[in-house]
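So the structure is just underneath, and the comments pick up after that.
The values are calculated or read from the model by the stated rules, or taken from the named source; none is laboratory data. These figures come from a predicted structure and were not determined experimentally. When we count neighbours, we look across all protein chains shown, and the Cβ atoms used for this are built from the backbone with ideal geometry, even at glycine. Areas reflect the complete protein model, heavy atoms only, side chains present, ligands, DNA and RNA absent. Shrake-Rupley method; radii C 1.70, N 1.55, O 1.52, S 1.80 Å.
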Amino acid sequence: MEKAQISTWQFFVLLFGNLLGTSFFFWPGGLILTAKQDAWMVPLWAGAAGVLMALIWIKLAEHYPGETLIQICIKAAGKGVGRVIALLYVVFFVHLSAFVIRIIGDFIKLTMMQRTPLTVLHVMFLLIICYAVIKGIETISRAAELMIPIVTLTFIFIFLAALYEWNSDRFQGMFRMNVWKTVKETRALIAFPFLDAHIFLMLLPYVQSKKKLSFIMAIVVATLALSGITFFIIGVLGVTRASRETYPMFVIVQEIHIGTFFEHLESTIALILLVAIFIKLSVTYYCAVHGIRQLFQVRDKSWLAISLILLISGLTLGFDNVIENTVFTRRSYFEYSLFFGCIFPTLLLVITWIKRLKRQPKEGSS
């Protein structure tokens with residue numbers, strides 16, 4: 001395992017950036033389309049589900065201190081079944097990296113660089129991520145620690161600049177949603193990003209202290225932030241307009257005008273998204289590389305990281321357009337992610353408990 005140490009704050013920043021990375025941009029329009037004026041409530045129960053799952057992940061990690069998720073799979077389920085589960089996790093890390101890079105590629109192509117091929121955009125961004133992964137998790141953590149305050153201050157400026165468009169009348173008709181139907185239609189939000197946070201079991205061995213507190217607080221703060229962003233979008237654009245836009249936050253920034261000095265600030269929100277994607281993709285890419293190294297006992301990570309660029313950039317072309325990507329996420333991603341974020345960790349935890357119960361009678365008799 002890589003010899004590295006990350007502080008509690010750095011772990012919090014990485015997890016917070018990972019959870020909010022694409023969510024604040026990818027989800028609000030769809031949530032508003034489904035839940036109307038009550039869309040800001042949806043992240044609250046999705047985040048609550050994320051906290052419950054985090055407790056299971058942390059409990060599993062406590063039984064195997066100093067072990068990553070790949071090592072836990074092998075030790076808990078045995079070398080045969082455990083390696084199969086670990087391989088499935090590696091495949092999931094690779095696929096999640098491809099999914100995230102496709103989101104940023106679609107955004108840049110639709111809003112800024114329409115004539116640039118998607119593959120070029122993907123490879124350019126993956127080269128930067130690959131370099132960060134080769135440098136190690138400490139470098140990624142320090143970069144995230146440096147960039148998050150800048151992103152936060154920029155967000156605050158955008159919110160203050162757009163407040164002149166705020167209208168509380170746009171919330172008329174609240175608390176009328178069908179709760180069960182809304183939960184069913186927005187279940188993908190539980191998976192992306194909250195269930196996907198199980199990848200941080202790959203980083204827990206590097207955290208020195210207060211792992212549980214940092215894990216839970218990052219999920220809670222990200223939940224409140226996503227809920228607040230959705231609430232803000234409804235108040236500025238209204239339900240009808242926000243639900244029709246693919247990227248409502250980008251539309252808000254486009255329309256900010258303060259005199260003749262502050263205008264056309266689209267590049268600002270694009271920069272925020274790039275930074276957020278950098279944090280999220282760096283972690284998932286690192287987990288994919290680190291998982292392959294541990295599973296197949298590969299020493300050199302440089303060529304492994306470079307090789308994954310070709311694989312991931314190829315997987316990103318599995319969808320023809322952003323609509324297919326969105327449909328897959330909303331209809332199928334929850335069931336897909338449920339195996340890796342809920343079923344497998346719970347199964348590993350149950351196996352661990354059974355093994356410990358079997359050992360106790362033997363220890364008592366001896």
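What is the Rg over Rh value, at two decimals, for the chain, using alpha-carbon atoms and the Kirkwood definition of Rh?
Working: Rg = 21.1 Å, Rh = 21.3 Å.
Radius of gyration over Kirkwood radius for the chain works out to 0.99.
In nm, what is the difference between 0.36 nm times the number of residues separating D169 and Q208 and their Cα-Cα distance? Walk me through the numbers before you get to the answer.
Numbers: separation 39, 0.36 × 39 = 14.04 nm, distance 4.85 nm.
Result for the pair: 9.2 nm of gain on full extension.
Structure shown: which of K181/K211; K36/K184; K211/K301; K3/K211 lie over 24 Å apart, alpha-carbon to alpha-carbon?
Where the Cα-Cα span goes over 24 Å, the pairs concerned are K181/K211; K211/K301.
Can you find, among I190, W27, N325, the residue farthest towards the positive end of the dipole of the chain? Put +1 on the C-beta of Lys and Arg, -1 on that of Asp and Glu.
The Cα lying farthest towards the positive end belongs to I190.
Quick check: residue separation of V179 and I128 times 0.36 nm, minus the Cα distance between them. What number comes out in nm? Let's see the in-between values first.
Details: separation 51, 0.36 × 51 = 18.36 nm, distance 4.24 nm.
Extra length available between V179 and I128 comes to 14.1 nm.
Just name one of F334, M249, Q37: the one whose Cα is farthest towards the positive end of the charge dipole of the stretch 8-351 (beta-carbon charges, Lys/Arg +1, Asp/Glu -1).
Projecting each Cα onto the dipole axis, the largest value belongs to F334.
Keeping every protein chain present and rolling a 1.4 Å probe, give me the accessible area per residue for the chain in Å².
Working: 16520 Å² over 366 residues.
Result: 45 Å² of accessible area for each residue.
Measure off 7 Å from each Cα along the Cα-to-Cβ vector at I323 and F339, then give the distance between these two points in nanometres to one decimal.
Roughly 2.9 nm, to one decimal.
Please work out the C-alpha center-to-center distance from the stretch 293-356 to the stretch 84-98 and express it in whole Å.
3
Taking the Cα centre of the chain as the origin, how large is its charge dipole in debye, to the nearest 20, when only Lys and Arg (+1) and Asp and Glu (-1) carry charge on their Cβ atoms? Mind showing how you got there, number by number?
Working: 32 positive and 20 negative charges, 299 e Å.
With only Lys, Arg, Asp and Glu charged at Cβ, the dipole is about 1440 debye.
The stretch 117-231: Rg/Rh from Cα coordinates, Kirkwood Rh?
On the way: Rg = 18.9 Å, Rh = 18.2 Å.
Taking Rh as the inverse mean 1/r over Cα pairs, Rg/Rh reads 1.04.
Heavy atoms only, 1.4 Å probe, whole protein assembly: order Y336, Y164, Y64 by accessible area, highest first.
Numbers: Y336 65, Y164 120, Y64 30 Å².
Greatest to least solvent exposure: Y164, Y336, Y64.
How would you rank 70-80, 320-330, highest first, on the average number of other Cβ atoms within 10 Å across their residues? Walk me through the numbers before you get to the answer.
On the way: 70-80: 18.9, 320-330: 14.6.
Going by the mean number of other Cβ atoms within 10 Å, highest first, we get 70-80, 320-330.
Between T240 and L153, take the C-beta separation as r, use R0 = 30 Å, and let me know the FRET efficiency to the nearest 0.05. Spell out each step's value before the answer.
Details: r = 31 Å, r/R0 = 1.04.
It comes to 0.45.
If R0 is 45 Å, what FRET efficiency do you get for L271 and R299 from their C-beta distance, rounded to 0.05? The partial results should precede the final answer.
Details: r = 37 Å, r/R0 = 0.82.
For R0 = 45 Å, the calculated efficiency reads 0.75.
Relative contact order, percent, of the stretch 8-351 when contacts are C-alpha pairs under 8 Å separated by at least 6 residues?
Values: 426 pairs, mean separation 144.8, N = 344.
Over the stretch 8-351, the number comes to 42 percent.
How big is the charge dipole of the stretch 69-158 about its Cα centre, in debye rounded to the nearest 20, if each Lys and Arg gets +1 on its Cβ and each Asp and Glu gets -1 on its Cβ? Mind dumping the intermediate values first?
Values: 8 positive and 3 negative charges, 59 e Å.
Dipole of the stretch 69-158, to the nearest 20 debye: 280 debye.
What's the extension gain from L357 to M112 if we count 0.36 nm per residue and subtract their Cα-Cα distance?
82.3 nm
Using the beta-carbon distance between S332 and V51 and R0 = 25 Å, what value does 1/(1 + (r/R0)^6) give for FRET efficiency, to the nearest 0.05? Intermediate results must be reported in sequence, preceding the final value.
Working: r = 24 Å, r/R0 = 0.97.
Taking R0 as 25 Å, the efficiency between S332 and V51 is 0.55.
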